[in-house]
Amino acid sequence: MRRRLCALVAALVFSPLSFAAQQLAATPPMGWNSWNWFAGKVTDADIRKAADLIVSSGMRDAGYVYVNIDDTWEGKRDANGGIRSNEKFPDMKALADYVHSKGLKIGIYSSPGSKTCAGYEGSFGHEEQDAKTYAEWGFDYLKYDLCSFRDNMRQEHPNDPAAQNHMMRDAYEKMHQAILKTGRPMVYSLCQYGYDQVWQWGPEVGGNLWRSTEDISANYNSMMLIALSQAGLSKYAGPGHWNDPDMLEVGNGKMNHDENVSHMTMWAMLAAPLIAGNNFTEMNDDLRSILTNKEVIAIDQDKLGKQGDRIHSGDETEIWSRPLADGSVALAIFNISEDRTTMRGQRLHLKEAGFPSGTARARDLWTGKDLGTLKDTDAFTIPRHGAVMLKLTK
Ligand code: GLA
């Protein structure tokens, strides 16, 4: 316990981020983003509706506070180069005020390139002006997506990847400085798909979170491939600066209950930002219970901010563990096979999870049941693509 406290203090003191930046995202940001469901069709009305439903569904009270507009809000620039929203978003300030009136925060999206990924106006050459506009409108969060800036990098430094990467870092730092200059706190979300091992330099350019992978899709294989690619990244995350394996697809596509449970379990183990991406007008009780499970969210938001990592990788199961501020440990067992498993002949890997005696008291976070004392040889029956998530104490 004492060691954990020291680790927490050391993480705060030695972080390359300013104290203010650490405070801004002391735990992984939680909210909702328009892209995974609405993509290019999103409108002002959709954002207002999402804000209404995030409150009435209980999502806000579970911790989801950022309502983030993704790509395709951008219009043309005015005569002075100021960015304007397009006809889908008639009044950004009024929209931000509306979202704030619900006890929520609001996020916006841009690119260091001259075009966003969907081909809309980016911030290239207008960084300070744009950050100022976002601050005046009342935005609290910026997702900054590399997109067409890759063309600038290739054009300026053909065949020189190191120089290209340097340019990329500078571009992210430029917007970081522009945000600071506004004086308005904004969570800074880097989106460049994990290139150039962004986790090694993301905090230096002010990143509160950085995408560590390519885009997620709404299916189990995409989700699990991303999840498993995060092994080994735990040492780069901490209060104020998080690896971002992309936004949640819980409720999108054809993922079933067990797959959604695995998705949410893994994102909580990874101390990942929990940015939902589903259509709230179609949210049923099953989805709501997965997205708002208090005990699972508490793992994601654990104050120690130590990301979980893999302790066992098998053909049938993956086992990951995550140390928590109160001295307990979260343990997740994923059935990655195409059949139900009874874990025959497999161990829980309790020693590797920090229990040298090979026993631990356990609570099942998805059923909400205390399981008593577990032995390393105890087994769980886990459905195809499902997961068990435990909180272990001595
Ligand atoms: C990229 C990002 C996505 C989304 C789209 C918008 O693909 O990775 O998350 O923002 O752009 O165009």
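Worth a mention:
- Per residue, the chain reaches -9500 deg cm²/dmol at 222 nm when only DSSP H runs of four or more residues are counted, each adding -39500 (n - 2.57).
- Euclidean distance of C-alpha centroids, segment 205-284 and segment 30-96, integer Å: 20
- Full-stretch length increase - Lys254, Asn219 - with 0.36 nm per residue and alpha-carbon distance subtracted: 11.9 nm
- Residues with amide H under 5 Å from that of Ile275, placed H, sequence gap 5 or more: Gly31, Leu248
- Residue-by-residue Karplus 3J(HN,Hα) for segment 39-55, coefficients 6.51, -1.76, 1.60, Hz, glycine and proline x: 6, x, 8, 4, 10, 3, 4, 5, 5, 4, 4, 4, 5, 4, 6, 5, 7
- Considering only Ile275, Tyr188, Ser234, and ranking their Cα positions along the charge dipole of the chain that arises from unit charges at the beta-carbon of Lys, Arg, Asp and Glu, the one farthest toward the positive end is Ser234.
- With a simple spin-label model that places each label point 7 Å from the Cα along the Cα-to-Cβ direction, the separation between Lys115 and Arg169 comes to 2.9 nm.
- Rounded to whole numbers, the Karplus 3J(HN,Hα) couplings from phi for segment 249-265 are 10, 4, x, 10, x, 10, 5, 8, 3, 5, 5, 5, 5, 4, 4, 5, 4 Hz, using 6.51 cos²θ - 1.76 cosθ + 1.60 with θ = phi - 60°, and x at Gly and Pro.
- Rg and Dmax, both from the Cα atoms of segment 33-144 and both in Å, are 13.6, 44.
- A cut-off of 5 Å between modelled amide H atoms, ignoring neighbours fewer than 5 places along the same chain, links Leu209 with Tyr188, Leu190, Trp242.
- Straight Cα distances below 12 angstrom link Lys394 to the aspartates and glutamates Asp326, with same-chain residues fewer than 8 positions distant left out.
- DSSP beta bridge pairing in the chain, given as percent antiparallel to the nearest 5: 60
- In terms of the mean number of neighbouring beta-carbon atoms within 10 Å, the peptides 92-99, 372-379, 30-37 order highest first as 30-37, 92-99, 372-379.
- Most fluctuating residue given options Thr27, Thr367, Thr213, as computed from a GNM of the chain linking Cα atoms under 10 Å: Thr367
- For segment 70-77, 3J(HN,Hα) computed residue by residue from phi via the Karplus equation (6.51, -1.76, 1.60; θ = phi - 60°) reads 8, 4, 5, 8, 6, x, 7, 7 Hz, glycine and proline entered as x.
- Compared with the dominant principal axis of the Cα atoms in the chain, helix 161-182 is inclined by about 80°.
- When the GluC sites (Glu not before Pro) in segment 317-378 are filtered for DSSP coil states and for at most 12 other beta-carbon atoms within 10 Å of their beta-carbon, the remaining sites are Glu338.
- A simple count of charges around His157, restricted to other residues whose Cβ falls under 15 Å of its Cβ and scoring Lys, Arg +1 and Asp, Glu -1, yields -2.
- Unit charges at the beta carbon, dipole of the chain: most positive-side option, Ile311, Tyr64, Pro383: Ile311
- Likely footprinting exposure, Trp320, Trp201, fewest C-beta neighbours within 10 Å first: Trp201, Trp320
- Reachable lysines from Lys76, criterion Cα separation under 27 angstrom, eight or more residues apart if same chain: Lys41, Lys49, Lys88, Lys93, Lys105, Lys115, Lys132, Lys143, Lys174, Lys181
- Long-range HN-HN contacts of Leu371 with modeled amide H, under 5 Å: Ala362, Arg363, Asp364
- Counting only Cβ charges, +1 for Lys and Arg and -1 for Asp and Glu, the dipole size of the chain around its Cα centre is about 1220 debye.
Throughout, read-outs are computed from the coordinates displayed, never taken from laboratory work. Keep in mind the model is a prediction, meaning the values are calculated, not measured. Don't worry about glycine lacking a Cβ; one is built from the backbone with ideal geometry, like all the others, and counts go over all protein chains shown.
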